[in-house]
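The structure appears right after this line, and notes come after that.
The values are calculated or read from the model by the stated rules, or taken from the named source; none is laboratory data. Note that the coordinates shown come from a computational prediction; the quantities given were computed from them, not determined experimentally. Quick reminder, even Gly has a Cβ in these numbers, built from the backbone with ideal geometry, and neighbours come from all protein chains shown.
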Amino acid sequence: MSEPVDRPSEPEAPFRLWPALKEAVRGTEQDFTAGPVGRAVLLLAVPMVLETAMESVFAVVDVFFVARLGPAAVATVGLTETMLTLIYTVAIGLSIGVTALVARRTGEKDPDGAARSAVQAVLLGFGVAAFLGFVGITQAPRLLALMGAEADVIGPGASYARIMLGANVTVLLLFLTNAIFRGAGDAAIAMRVLWIANGINIVLDPALIFGLGPFPELGLKGAAIATNIGRGAAVLLQFWVLFSASSRVKIRRQHLELNPKVMWQLIRLSGTGTFQVFIGEASWIGLTRILAGFGSGVLAGHTIGIRIIIFAILPSWGMSNAAATMVGQALGADKPERAERSVWIAGIYNMVFLTVIGALFVAFAPQIVRLFTTEPEPARYAVLCLRIVSLGFPFFAYGMVLTQSFNGAGDTWTPTIINLFCFWMFELPCAYVLAYLLEVGPVGVFVAMTISFSSLAVVSAVIFRRGKWKTKQI
């Protein structure tokens, strides 16, 4: 039976925003299964938002310094980053299962169960990374060629690709271990390790690329080494925290063994989660392919518009991850009403944020796009992309939160099926019909994106209200 604080009709005690923000960044020992829901969501969301933003800094920093080496080096980074998308997809998919299991065990006040889930996640991460690393190291030149790289890119770029793909263990473990912290409600630690990783990368990138001070001049290879040293240092820090007495998930010697039952739970949840992420990634590729038929100017405009949109909505992923943690812990504590209330509150926060961003995009799209390009055709379509897609932001905000909430409950199949229908069976055909058969052109693709985002949110809300996710056992 739910406690009185979980009754939807009871108002929450007011809290002061600024002290809550400082506490969220500082990180405190907090029981997220009790107390005001709104405050709990905020304490989780703020560090998760900052964590998400930090992950995007790696690619920006690398491109900034590598650009001084010439277009071939930039092309190598771009092509390798595209191949790394597969690894990111696996990492995010695995993280979905990890967060769900650790959050549920944490809510059940089962620290040994949370620790066992964490260990199985790390073991699975090492196994997946070993396989992907072997393929990357042995096949890097061939993979670059398959991506369309020319000889001047493959030659100097093979070493960079080998290091980045071969050392993918740093990416996988960084994602997975931060998912452990998020599931336990220790989002501030996840945020801090990425601050440290980025700080190391920012210092080492120019030093190893250009040979500053005592460092050797390694060129493009130096960028890969710097990135993986930064991420590797963050992973070592994560492990140190997990084995420390102050960790919310305390791993001890008795937990360090293969547990087939927990491992199977993790694989089952994460396998579906990985497919769920893949559906979204593949739909973006499909839309790009449809737009490619209208020429490079349109494609460039779409690329600029989407990059701006993705950067702007990054904080929303943090808010969505906070909702997932709240749901998992509340269900573990047998408080389904609190779980549901957490989702609606997080959805409102997210909707307000993205609605404001969308309004700014609609009003100032030309000025924003001008920062990236002054070419008439790309600028025109980038503005159209920003304005049309932004109209769906209020729906998209709720859809993101609802999707992650299903995942936090361990119901990974529901959002996967919704994504499959909304993106593959609706968005892509709709985009093609509007763009070509009805001759609406590129605008039809942008409209299809907005409609699909909105449809996903509505469908998710209807299914969410039915409440079957509340009875999911993991």
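Points worth noting:
- Selection count, segment 246-271, where residues are surrounded by fewer than 19 Cβ atoms within 10 Å (Cβ to Cβ), more than 10 Å from residue 119 (Cβ to Cβ) and aliphatic (A, V, I, L, M): 1
- One residue from 63, 57 being more than 22 Å from residue 129 (Cα to Cα), touching a residue at least 24 places away in the same chain (Cβ under 8 Å) and not basic (Lys, Arg): 57
- Some residue of segment 422-435 being touching a helix residue (DSSP H, G or I) at 6+ places or on another chain (Cβ under 6 Å), of a type in the set (Val, Ile, Thr) and assigned by TED's automatic domain parsing to the domain that holds residue 403: no
Conditions (1) in a helix (DSSP H, G or I); (2) at pLDDT 90 or above; (3) not hydrophobic (A, V, I, L, M, F, W, C), marked per residue:
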site	(1), (2), (3)
213	no, no, yes
247	no, no, yes
261	yes, yes, yes
288	yes, no, yes
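- Matching residues, segment 163-186, being polar (S, T, N, Q) and over 30 Å from residue 332 (Cα atoms): 168, 170
- Of all the criteria given as (1) modelled with pLDDT of 90 or more; (2) touching a Leu at 6+ places or on another chain (Cβ under 6 Å); (3) closer than 19 Å to residue 404 by Cβ, the one not satisfied by residue 191 is (1).
The rows are residues; the columns are (1) β-branched (Val, Ile, Thr); (2) more than 26 Å from the chain's Cα centre (by Cα); (3) within 30 Å of residue 320 (Cβ to Cβ).
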| site | (1), (2), (3) |
| --- | --- |
| 183 | no, no, yes |
| 186 | no, no, yes |
| 195 | no, no, yes |
| 198 | no, no, yes |
| 218 | no, yes, no |
| 221 | no, yes, no |
| 224 | no, no, no |
| 240 | no, no, yes |
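- Picking from residues in segment 202-231 that are farther than 18 Å from residue 166 by Cα and charged (D, E, K, R), the one that is surrounded by the most Cβ atoms within 10 Å (Cβ to Cβ) is 205.
- Helices (runs of 4 or more DSSP H) wholly inside segment 353-465 containing at least 2 residues that are of a type in the set (Ser, Thr, Tyr): 376-390, 393-408, 413-419
Results for (1) more than 27 Å from residue 103 (Cβ to Cβ); (2) modelled with pLDDT of 95 or more; (3) touching a strand residue (DSSP E or B) at 6+ places or on another chain (Cβ under 7 Å); (4) β-branched (Val, Ile, Thr), shown as yes or no for each residue.
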{"residue": "345", "(1), (2), (3), (4)": "no, no, no, yes"}
{"residue": "354", "(1), (2), (3), (4)": "no, no, no, no"}
{"residue": "365", "(1), (2), (3), (4)": "yes, no, no, no"}
{"residue": "370", "(1), (2), (3), (4)": "yes, no, no, no"}
{"residue": "373", "(1), (2), (3), (4)": "yes, no, no, yes"}
{"residue": "385", "(1), (2), (3), (4)": "yes, no, no, no"}
{"residue": "391", "(1), (2), (3), (4)": "yes, no, no, no"}
{"residue": "434", "(1), (2), (3), (4)": "yes, yes, no, no"}
{"residue": "448", "(1), (2), (3), (4)": "yes, yes, no, no"}
